[in-house]
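Heads up, the thing below is written out as structure tokens.
The values are calculated or read from the model by the stated rules, or taken from the named source; none is laboratory data. The model shown is predicted, which means the values in this text are computed figures rather than measured ones. Note that each Cβ is placed from the backbone with ideal geometry, even for glycine, and that neighbours are counted across all protein chains shown.
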Amino acid sequence: MLTGWSAGSSVSKDSTVAGLTITATSVAALQDGTVVGADLVVGPTGTTTHEYDGAADVSSTSATSRDNFAGETAWGIQYCPGGGTASTCTATGGSNGYIPANAQVQVVYLPQSVSGGDVQYLKAGSKVSLPNNFADLGFIGFNTDTFSTVTVKALRSTVSAYNSTDNQIGTSFYGISIQADKSVIYSSAGNTFDQAYVLFNASRSTSSPYQFPIAVGFYDETKGHIIVNDNFATASANGNGLSAEYAWFDYNMTGTPFTYSFRVNVGEFDYYINVRITNSSTASYPDLINVTATNTSSTVDKNGAVAMYQIDGSWDTTTAGKLKLGSSSGSTDTNEITVSTENAIRDGSNKAQEIVTDAGIIVEPTSSSTTSDAMIVNVPAKNLAVQAYFGQLGATTTGGSVNAAIPVTSSVAKLDSEITSAEEQHNLVVVGDAAVNTIAAQVMNLTYPTYGSSGLFPYTSGQGYIKIYDGFYTPGKVVLLVAGWDASDTRNAASVLQQYATLLKGSTATAIKVTSATATGITPA
């Protein structure tokens with residue numbers, strides 16, 4: 001009964017027998033006091049009302065101030081006055097403890113008991129579950145499993161170097177070595193190597209302008225030694241020339257810093273190992289050598305990982321100085337490796353876990369590598385991206401527009417001879433041309449087998465082809481043909497369909513031609 005409750009009041013009554021609280025949030029009454037309606041909230045004792053502020057708090061022990069979502073320990077509820085703009089979500093309180101009109105109520109994730117929550121990092125295979133098991137946010141892994149491990153290391157012992165005519169030019173060079181587990185380091189001549197070097201020559205000038213020679217070299221597997229003039233015709237340092245015989249850069253230590261970029265390509269995307277030697281105001285030797293691993297050449301890119309090398313020991317006109325990582329060799333020093341991640345430059349030294357840089361390079365744990373004066377990075381074959389899902393893996397839906405991420409556990413590929421008439425009533429992806437695939441011949445209205453030499457194909461040598469045949473077997477169903485002049489052209493078309501589907505999605509063309517498995521190799525047919 002609502003006897004005695006005034007219009008517009010908010011009154012709660014507990015039922016100890018039923019274990020419920022009944023709250024009237026508003027009461028409608030006539031002028032004589034007769035109640036004609038009410039808005040009621042009924043729930044377990046103590047759950048029908050709560051005063052929320054503008055900062056969700058999931059850790060307080062007080063029942064009145066703890067704003068956790070019911071049954072959750074890391075999800076909180078907060079309101080944002082004025083519809084939920086970022087600038088209004090910090091306001092606290094509401095008139096009489098009520099959430100004001102036009103406010104936005106939010107459920108926010110707070111994995112740590114701190115104001116505003118803390119950042120939680122997910123490993124591949126892990127997930128975050130939304131309240132009431134509504135959905136999962138999961139991290140599957142990266143978009144590629146192909147990496148090359150590249151080790152940048154100070155040369156602590158001397159090495160020998162040769163020119164391309166196989167003449168030895170010296171045996172006592174220190175510097176930087178860059179070693180990959182695959183032949184993915186490119187010289188300016190376009191040759192690929194698995195080892196690259198920046199070498200110092202001790203014979204420098206000791207009067208202004210202070211200069212000393214630097215060589216860029218690569219390890220030639222066939223000759224079994226480092227060569228230092230693998231076509232550096234376009235290379236220069238600070239406007240100084242380049243010795244054609246030995247490929248030495250004359251570096252002016254009082255001028256602009258010396259830089260050289262080694263291009264690394266594991267598959268589809270260029271990354272760079274940039275070596276930058278700072279200038280010095282004295283005739284002694286360089287101050288600092290920065291080696292960056294990033295996706296931009298020629299500069300110390302803030303989006304990469306940076307190893308800080310210094311000269312260790314004496315340097316004279318006959319002996320080049322050794323290098324050390326940081327302020328001391330063989331040990332870990334603060335900021336000897338810095339990493340740009342999450343839009344901030346951070347100390348990456350002495351870390352026990354991998355670090356993904358903003359450039360998409362993975363830095364291996366530095367807690368062990370820095371003791372050998374090394375920085376080790378994993379360079380991906382593609383521009384690195386995360387594979388994630390929102391929903392529930394393996395779940396299905398009976399309505400709405402939810403797309404569930406469902407692993408494929410059975411074979412979905414069949415030979416053309418295995419396709420039944422019932423399967424022709426579904427959407428089909430047909431791979432191969434009319435010379436090798438009977439279904440391809442049918443949809444192209446050609447006799448099987450028809451070969452490319454007949455000139456009946458809508459594509460020519462060096463071209464792949466992707467076309468949609470709408471309603472060929474059944475109205476409302478399509479046959480997607482992926483073909484090519486030869487097997488390699490068909491593979492290119494299949495690669496484009498797999499890797500560049502987002503580019504094809506907005507196209508109004510019903511067919512495209514493919515000349516290469518790249519974004520620039522796609523043209524409407």
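In the range 336-364, the residues that are in contact (Cβ under 8 Å) with a residue 12 or more places away in the chain reach residues that are among the basic types (Lys, Arg) with C-beta atoms within less than 6 angstrom, at least six apart or across chains, in these pairs: Val339/Arg346; Ser340/Lys302. Can you name the residue in the range 365-380 that is buried (at least 19 other Cβ atoms within 10 Å of the Cβ) and of a type outside the set (S, T, N, Q) and is also farthest from the chain's Cα centre (by Cα) among such residues? Selected residue: Asp373. Of all the numbered requirements in (1) touching a Pro at 6+ places or on another chain (Cβ under 8 Å); (2) modelled with pLDDT of 90 or more, Thr338 misses one, and that requirement is (1).
Being at pLDDT 90 or above, under 30 Å from Gly267 (Cβ atoms) and not β-branched (Val, Ile, Thr) is a description that does not apply to Lys123.
Of the listed requirements (1) of a type in the set (Val, Ile, Thr); (2) surrounded by 23 or more Cβ atoms within 10 Å (Cβ to Cβ); (3) over 18 Å from Ala215 (Cβ atoms), Val300 misses just one: (2).
Rundown of residues vs (1) in contact (Cβ under 8 Å) with a residue 24 or more places away in the chain; (2) within 21 Å of Ala374 (Cβ to Cβ); (3) surrounded by 18 or more Cβ atoms within 10 Å (Cβ to Cβ); (4) under 30 Å from the mean Cα position of the chain (by Cα), yes/no style:
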site	(1), (2), (3), (4)
Asn163	yes, no, yes, no
Gly170	yes, no, yes, no
Gly175	yes, yes, yes, no
Ser187	yes, no, yes, yes
Asp194	yes, yes, no, yes
Pro213	yes, no, yes, no
Lys223	yes, no, no, no
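Apart from one condition, Ser349 fits all of (1) modelled with pLDDT under 90; (2) assigned to a loop (DSSP other than H, G, I, E, B); (3) among the hydroxyl-bearing types (Ser, Thr, Tyr); the exception is (1). Applying a threshold of 6 Å to beta carbon distances and a minimum spacing of six or more residues, or different chains, the list of pairs starting in the range 265-281 at a residue that is at pLDDT 90 or above and ending at one that is of a type in the set (Phe, Trp, Tyr) reads Ile273/Phe262; Val275/Tyr260.
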